[in-house]
Amino acid sequence: MLVQIGPRLPDWLRKPWRDAASDHQVKRLMRSRELHTVCESARCPNRNECFSRGTATFMIGGNICTRHCAFCSVPAGKPDAYDTIAGEPGQVADAAAELELDYVVVTAVARDDLADGGAGHFARTIVAIRDRLPEARIEVLTPDFGGSEECIRIVLDAAPHVFNHNVETVRRLSPKVRSRSDHDRSLDVLKMAGRIRPDTLVKSGLMVGLGESRDEVHVLLQEMAEHGVRAVTIGQYLQPTRRNLPVAEFVHPDVFDAYREFGESLGFDAVFSGPFVRSSYMAESVFENRS
Ligand code: SF4
């Protein structure tokens, strides 16, 4: 089941397939409500595990992204017309209720075609979830909105518990890995989020195995700490399709442990580091177990 094009996976990147009824239930639910998950669209290696636990990360804004990041398998091109996605906030809220989620993670394709970059759509989704599930904690994993403070305010005014924006990779590799993104702009987005709403947990994440050095990862973690990030995820990049970047290295679990220790020494509230870690993987546990 594990998705990786290219070289054979090392033992630590193999995990058993769970044939759980809840895996099928999640997939059926998403299809019936015409919703998308980043789990499936990005061919996440954890999707069978997460679906089997009855969780998923909703992806709003449709299933077509306006950017073409080299690491990502979400389809890119002309995005869905707004009319076709206008019902997503209510559908996400209903699906989250049906799954009895008490922690809801919502991400989106980049919608550079919309005047607000999709920020209002995020806000409407947060409000809809809160109306339906008042006790649920809500985490949003957003694009950079072109660095617009106004857009970031729109999302934060809806009061998510966690504002997550991934820097994805080290500074040197950013132009190769991320389309139309900018390393410093992403760091600024994170800093803005913490300044605008200090009681929201600011979170970010990176992939390793793209050719970065250990020192470059340390520098990135320092940059994140300096920009107000409080929780960090670090996981192994896997090549989802032949069109995506190849894996440069399968990083050993001991190195993930060393990154976690380094991050903890910088004072983050939570550092979740391991081969299968993704920004939304066990997100509730990261939120609950922060120091
Ligand atoms: S780790 Fe996140 S993206 Fe991957 S399957 Fe789990 S919830 Fe979905």
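Quick note: the coordinates plus some simple rules give every number you see, no bench work behind them. Remember, predicted model here, so these are calculated numbers, not experimental data. Note: ideal-geometry Cβ built from the backbone for every residue, glycine included; neighbour counts use all protein chains shown.
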Say we join alpha carbon atoms closer than 10 Å with springs in a Gaussian network model of the chain; which of 231, 270, 20 then has the biggest fluctuation? 20
Seen from all sides and averaged, what is the projected area of the convex hull of the Cα atoms in segment 89-192, in nm²? 6.6 nm²
Label-point separation in nm, residue 179 to residue 291, each point 7 Å along Cα→Cβ: 4.0 nm
At 25 °C and a viscosity of 0.890 mPa s, what translational diffusion coefficient does Stokes-Einstein give for the chain, taking Rh as the Kirkwood radius over Cα pairs? Give it in µm²/s as a whole number. 129 µm²/s
Per the Cauchy relation, a quarter of the hull surface: what is the mean projected area of the convex hull of the alpha carbons in segment 149-191, in nm²? 3.3 nm²
Below 15 angstrom from the Cβ of residue 102, what's the summed charge of the other residues (Lys, Arg +1; Asp, Glu -1)? -2
Tell me the label-point distance for the pair residue 161, residue 21, using the 7 Å Cα-to-Cβ offset, in nm and rounded to one decimal. 2.8 nm
So how much slack lies between residue 32 and residue 266, counting 0.36 nm per residue of separation and subtracting their Cα-Cα distance, in nm? 79.8 nm
Could you please rank 237, 82, placing first whichever residue has the fewest other Cβ atoms within 10 Å of its Cβ? 82, 237
Once the in-chain neighbours fewer than 8 apart are removed, the lysines whose Cα is under 29 Å from residue 15 read 27, 203
So how strong a dipole does the chain carry about its Cα centre when Lys and Arg Cβ are +1 and Asp and Glu Cβ are -1, to the nearest 20 debye? 780 debye
Using Cβ contacts closer than 10 Å as the measure, can you line up 94, 113 from fewest to most? 113, 94
The ratio Rg/Rh over the Cα atoms of segment 137-291, Rh being the Kirkwood inverse mean 1/r radius, stands at 0.94
Please go through segment 43-85 and write out the trypsin sites (Lys or Arg not before Pro) that DSSP classes as loop and that have at most 12 other C-beta atoms within 10 Å. none
